[in-house]
Amino acid sequence: MEAALARFRQVGDRWGRAAVLPMRARLRRYDDLDGALADLREARTSAGEFGSLSLGDQLYGDLRWIDVHVRRGDTAFPADHARTLVAGARAALRLALGDPSGAEEALREAYAAALATRELPALSLVTVNAAALAEARGRQRESAVLLGAAARLRGTHDRTDPQVRELTRRGRTALGEDEFAAAYAKGWELDTRAAVDAARAVFRSP
């Protein structure tokens with residue numbers, strides 16, 4: 001691993017380094033927490049430039065980041081943010097395993113934690129996962145509205161996140177371009193309070 005990182009540095013391959021650094025961070029967390037955190041920071045910076053390798057890499061990256069901070073004893077570390085990310089990752093896993101009920105339970109926890117952060121971008125992450133849950137239940141139009149609501153909470157449209165892109169693609173296929181655009185616009189045009197409440201509606205559904 002060290003040899004690969006050295007070679008990537010020599011040839012200026014930042015993408016290669018970004019792929020290997022999280023693996024080294026996993027090893028360094030046992031005896032070099034500062035080094036592990038530095039690896040994750042560099043990997044995150046590179047991911048921001050090149051795009052994440054996959055949605056799974058994003059989820060595992062967030063969990064590794066939280067793990068290192070917990071091991072360091074960083075009590076200024078935002079616990080509610082961590083709970084939001086962990087519960088969101090659990091919801092995504094439950095959906096991937098075909099367990100919408102389990103995903104809903106995890107999303108309830110993620111939503112409560114995101115509310116506690118008092119930060120709209122955190123709620124945006126939960127709302128995207130709520131859109132995935134609505135889609136899994138066959139409610140494509142509701143999913144599109146939730147994607148729009150997530151964009152409103154985020155303050156901008158997200159055209160690079162793999163999960164958003166895939167939900168958008170499937171929504172357009174299911175609804176057609178015009179109906180999807182109209183539903184998305186409905187979510188985008190919500191005021192902040194309504195956008196915050198949008199994800200909660202999914203939890204009240206069977």
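Quick look at the values:
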read-out: In the range 53-71, residue least open to solvent (accessible area, probe 1.4 Å) [restricted to those that are farther than 21 Å from Thr117 by Cβ and modelled with pLDDT under 75]; value: Gly56
read-out: Test: residue in the range 72-92 that is closer than 22 Å to Ala185 by Cα, open to solvent by 20 Å² or more (accessible area, probe 1.4 Å) and of a type outside the set (Asp, Glu); value: no
read-out: Among (1) closer than 21 Å to Ala92 by Cβ; (2) touching a Ser or Thr at 6+ places or on another chain (Cβ under 9 Å), the one test that Glu166 misses; value: (2)
read-out: Lone qualifier among Val196, Val164 - being within 22 Å of Ala79 (Cβ to Cβ), modelled with pLDDT under 95 and out of contact with any Phe, Trp or Tyr (no Cβ under 7 Å at 6 or more places or on another chain); value: Val196
read-out: Out of Ala144, Ala136, Ala183, Ala130, sole residue that is of a type in the set (A, V, I, L, M, F, W, C) and open to solvent by 50 Å² or more (accessible area, probe 1.4 Å); value: Ala136
read-out: Helices (runs of 4 or more DSSP H) (entirely within the range 1-52) containing at least 2 residues that are acidic (Asp, Glu) and at pLDDT 85 or above; value: 33-50
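The values are calculated or read from the model by the stated rules, or taken from the named source; none is laboratory data. Everything numeric in this text was worked out from a predicted model, so none of it was measured. Ideal geometry is used to build each Cβ from the backbone, glycine not excepted, and the neighbour counts take in all protein chains shown. Keep in mind that these areas ignore ligands, DNA and RNA; they rest on the heavy atoms of the full protein, side chains included. Shrake-Rupley method; radii C 1.70, N 1.55, O 1.52, S 1.80 Å.
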